[in-house]
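J.: Dumping the structure here so I can ask a few things about it.
The values are calculated or read from the model by the stated rules, or taken from the named source; none is laboratory data. Note that the structure is a prediction, hence the values are computed from the model and not measured. Note that we place each Cβ from the backbone using ideal geometry, even for glycine, and neighbour counts take in every protein chain shown. We work out accessible area using only protein heavy atoms, side chains counted, and drop any ligands, DNA or RNA first. Shrake-Rupley method; radii C 1.70, N 1.55, O 1.52, S 1.80 Å.
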Amino acid sequence: MEAIILVGGFGTRLRPLTYTIPKPLLPLANIPMVERMVRNLPTIFDTAILAVNYGLEEMKNYFENRNVGKKIIIVPEEEPLGTGGAMRNCINHVTGTVAVFNGDVVNSINLEEMLEQHINKKAKGTLALWEIDDPSRFGVVELKNNKILQFQEKPEKGTELSNLINAGTYLLEREILEMIPPNQKISIERDIYPKIAGNGLYGFPFKGHFIDSGTPKSYLEANFKCLGNDGTASHPGASIRGSCLIHKSVRLIDCIIGPNAVIGPDVKLEKCVIRNSVILSGVEGYGCVVEDSIIGPEISLKEDKKQILISPEGEITF
Ligand code: GDD
Ligand code: MG
């Protein structure tokens, strides 16, 4: 069975990080988002199809000669085709029921249970659904007896049909892909789902966690979620608090790390305090306190050097 992973977005809300690293290759707890998603696919999936536009060369380089446990097919788009156009563009590699994933989501969906419901209901499409207080920046559905009766993409605040949002994970029959006009920019959420709601479209609500890691705040949150409760690291050069992940190549001297800290490869820190933060590869730092920030990659936190700090509010300091 194939899984299509949509990894073509520009990652605008994570700039400037995504100027140099495409969003799908940004690490979550030191593993690129897209690789983490491929590795987490149940064994029923033997192939991951990556629908790529922005960041094509980086993606090809990353997956060349790397064994991630599944066959990887990279399907490029010359121009961004939107979420629907991108999945239509992959149709030649799809042999039957296909799973489609937004590439920036971390969640606790049990895909095998979702597939069981999809088969039981003889659904044309099944969408994983998550309940949320403010659904306005997501796709929203009206659900009755697991049937999706209506779909609204990013409705205006106050007009949402419910608090159940599209969690960006779908099981689709091939006929839905065939319904999408080829080689055109099509949004599955705006152009297709509203039309087929009420006609073979089902919802699969799930509990646990759901994070769309597309903003600085949610990127940090997704990192800490991936640490789980067993992310406890140890290092002779640091006092460690709470859940942390420290890459084996990191050099620390007299540091206090955590709670909630991810330190990437080749980082060198001396007399630093790091909490609720992600330090990307190659960062060097001396005598600084870093809190609620994403730092790096390859930058120096010493005095008079350029810094990139992204606070959870999205505020960027150079
Ligand atoms: N290949 C390709 N081409 N991928 C694309 C394109 C494109 O033109 N446009 C977007 N994508 C990918 C993004 O990289 C991302 O993985 C996914 O499609 C969804 O795009 P986002 O830009 O992250 O959309 P969103 O977060 O605003 O909304 C979507 O996700 C929500 C859940 O997180 C929608 O599906 C909502 O309905 C949903 O609630
Ligand atoms: Mg998103």
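J.: Out of the residues in segment 153-186 meeting the condition of being within 16 Å of ligand 2 (Cβ to nearest atom) and open to solvent by less than 10 Å² (accessible area, probe 1.4 Å), tell me which one is farthest from Val75 (Cα to Cα). Even if it seems obvious, please write down each step before you answer.
T.: Initially, segment 153-186 is screened for residues within 16 Å of ligand 2 (Cβ to nearest atom), giving 153-154, 165-170.
Remaining after also requiring open to solvent by less than 10 Å² (accessible area, probe 1.4 Å): 165, 167-170.
Numbers: Ile165: 28, Ala167: 23, Gly168: 19, Thr169: 19, Tyr170: 19 Å.
So the residue we want is Ile165.
J.: A follow-up question, please. Any residue that is at pLDDT 95 or above, aliphatic (A, V, I, L, M) and part of a loop (DSSP other than H, G, I, E, B) - is there at least one of those in segment 192-215?
T.: Yes.
J.: Let me ask you something else. Just the residues that are of a type in the set (Val, Ile, Thr) and within 15 Å of ligand 1 (Cβ to nearest atom), please, taken from segment 95-129.
T.: First pass over segment 95-129, keeping only residues of a type in the set (Val, Ile, Thr): 95, 97-98, 100, 105-106, 109, 119, 126.
Across segment 95-129, the qualifying residues are Val98, Val100, Val105, Val106, Ile109, Thr126.
J.: For Ile196, state whether it is within 16 Å of ligand 2 (Cβ to nearest atom) and assigned by TED's automatic domain parsing to the domain that holds Lys154.
T.: On the way: within 16 Å of ligand 2 (Cβ to nearest atom): no; assigned by TED's automatic domain parsing to the domain that holds Lys154: yes.
Here the answer is no, as Ile196 does not meet what is asked.
J.: Something else about it: Can we say Glu189 is closer than 28 Å to Thr18 by Cα, of a type in the set (D, E, K, R) and open to solvent by less than 30 Å² (accessible area, probe 1.4 Å)? Quick ask: steps written out before the conclusion?
T.: Working: closer than 28 Å to Thr18 by Cα: yes; of a type in the set (D, E, K, R): yes; open to solvent by less than 30 Å² (accessible area, probe 1.4 Å): yes.
For Glu189, the condition - closer than 28 Å to Thr18 by Cα, of a type in the set (D, E, K, R) and open to solvent by less than 30 Å² (accessible area, probe 1.4 Å) - is met.
J.: Continuing with this model, one more query. Among the residues of segment 83-97 satisfying the criterion of being under 19 Å from the mean Cα position of the chain (by Cα) and hydrophobic (A, V, I, L, M, F, W, C), which is surrounded by the fewest Cβ atoms within 10 Å (Cβ to Cβ)? Lay out the reasoning, then the answer.
T.: From segment 83-97, those under 19 Å from the mean Cα position of the chain (by Cα) are 83-84, 86-87; that's our starting set.
Next, from what is left, pick out any that are hydrophobic (A, V, I, L, M, F, W, C): 86-87.
On the way: Ala86: 28, Met87: 26.
So the residue we want is Met87.
J.: Of the residues that sit in segment 47-82 and are open to solvent by 50 Å² or more (accessible area, probe 1.4 Å), in contact with a strand residue (DSSP E or B) (Cβ under 8 Å, 6 or more places away or on another chain) and within 19 Å of Arg36 (Cα to Cα), which one is nearest to ligand 1 (Cβ to nearest atom)?
T.: Lys60
J.: Right, something else. Restrict the check to segment 72-86 and report whether at least one residue is at pLDDT below 95, closer than 30 Å to Ser277 by Cβ and in a loop (DSSP other than H, G, I, E, B).
T.: Taking every residue of segment 72-86 in turn, none turns out to be at pLDDT below 95, closer than 30 Å to Ser277 by Cβ and in a loop (DSSP other than H, G, I, E, B).
J.: How about segment 1-70: which helices (runs of 4 or more DSSP H) wholly inside it have at least 3 residues that are within 15 Å of ligand 2 (Cβ to nearest atom)? Steps first, answer last, please.
T.: Details: elements: 17-20, 33-39, 56-63.
Here the list reads 33-39.
J.: Quick check on my filter: what residues within segment 1-50 are of a type in the set (Val, Ile, Thr), in contact (Cβ under 8 Å) with a residue 40 or more places away in the chain and within 25 Å of Arg88 (Cβ to Cβ)?
T.: Those that are of a type in the set (Val, Ile, Thr), in contact (Cβ under 8 Å) with a residue 40 or more places away in the chain and within 25 Å of Arg88 (Cβ to Cβ): Ile4, Ile5, Val7, Val34, Ile44, Thr47, Ile49.
J.: Let me ask you something else. Output the residues belonging to segment 94-133 that are part of a loop (DSSP other than H, G, I, E, B), among the small types (Gly, Ala, Ser) and within 16 Å of ligand 2 (Cβ to nearest atom).
T.: As a first pass, look at segment 94-133 and keep what is part of a loop (DSSP other than H, G, I, E, B): 94-97, 103-104, 108-110, 121-124, 132-133.
Okay, now just the ones that are also among the small types (Gly, Ala, Ser), so 96, 103, 108, 123.
Selection gives Gly103 alone.
J.: Next question. For segment 111-135, which residues satisfy the criterion of being open to solvent by 10 Å² or more (accessible area, probe 1.4 Å) and in contact with a helix residue (DSSP H, G or I) (Cβ under 9 Å, 6 or more places away or on another chain)? It would help to see each step written out before you state the result.
T.: Step one: filter segment 111-135 for residues open to solvent by 10 Å² or more (accessible area, probe 1.4 Å), giving 111-113, 115-117, 119-122, 124, 130-134.
Within segment 111-135, just Lys124 meets the criteria.
J.: If you take the residues in segment 130-153 that are under 24 Å from Ile5 (Cα atoms) and among the acidic types (Asp, Glu), which one is farthest from ligand 1 (Cβ to nearest atom)?
T.: Residue satisfying both the conditions and the ranking: Glu131.
J.: Look at Lys248 and say whether it is assigned by TED's automatic domain parsing to the domain that holds Asp266, at negative phi and either within 16 Å of ligand 1 (Cβ to nearest atom) or open to solvent by 30 Å² or more (accessible area, probe 1.4 Å) (or both). Lay out the reasoning, then the answer.
T.: Details: assigned by TED's automatic domain parsing to the domain that holds Asp266: yes; at negative phi: yes; either within 16 Å of ligand 1 (Cβ to nearest atom) or open to solvent by 30 Å² or more (accessible area, probe 1.4 Å) (or both): yes.
Yes; evaluated as a whole, the condition is true for this residue.
J.: Please verify whether Glu156 is within 22 Å of Ile5 (Cα to Cα) and in a loop (DSSP other than H, G, I, E, B), treating the condition exactly as stated. It would help to see each step written out before you state the result.
T.: Details: within 22 Å of Ile5 (Cα to Cα): no; in a loop (DSSP other than H, G, I, E, B): yes.
No; evaluated as a whole, the condition is false for this residue.
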